[in-house]
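Visitor: I'd like to ask some things about the structure below.
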Amino acid sequence: MSDENEYGVCPFNSGHRIVMFRMPAHVLKCRKNYRGPPLEVCEYNATHFVPMGTMSEHLQECRAYHRFNQATYNKMAEKSIRQDA
């Protein structure tokens with residue numbers, strides 16, 4: 001299945017299943033009506049909203065966080081190799 005056909009669950013209403021490429025627009029609309037407990041936004045994916053105080057647990061599973069760290073590591077390793085050459 002391609003990325004554009006993957007579905008996600010709205011962080012503000014678990015009854016909403018949204019095609020992932022539409023999630024950012026949906027979150028902006030749905031957030032206005034949210035009346036639940038306060039949520040934090042993930043620094044690595046603005047469509048990830050998690051309950052306050054659970055960000056460290058979220059980051060352990062967050063693919064965007066792991067992709068960012070891997071890309072950062074790869075850039076640092078490449079830079080180090082160039083400097084050593």
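Readers should treat all values here as calculations from the given coordinates under stated rules, not as data from a laboratory. Everything numeric in this text was worked out from a predicted model, so none of it was measured. Quick reminder, even Gly has a Cβ in these numbers, built from the backbone with ideal geometry, and neighbours come from all protein chains shown.
Visitor: Which Cα, out of G53, S80, V9, lies furthest along the positive dipole direction of the range 3-84 (beta carbon charges, K/R +1, D/E -1)?
Guide: The residue sitting most towards the positive pole is V9.
Visitor: Just one of [x] 1.12; [y] 1.26; [z] 1.43 is Rg/Rh (Cα atoms, Kirkwood Rh) as worked out from the coordinates here. Which one is it?
Guide: [x]
Visitor: Could I have the simple spin-label model distance between S14 and E43, label points 7 Å from Cα toward Cβ, reported in nm to one decimal?
Guide: 2.9
Visitor: Let me ask something else about it. Would you mind calculating the gained length between M76 and Q60 on full extension (0.36 nm times residue separation, minus the Cα-Cα distance), in nm to one decimal?
Guide: Fully extending the segment from M76 to Q60 adds 3.6 nm.
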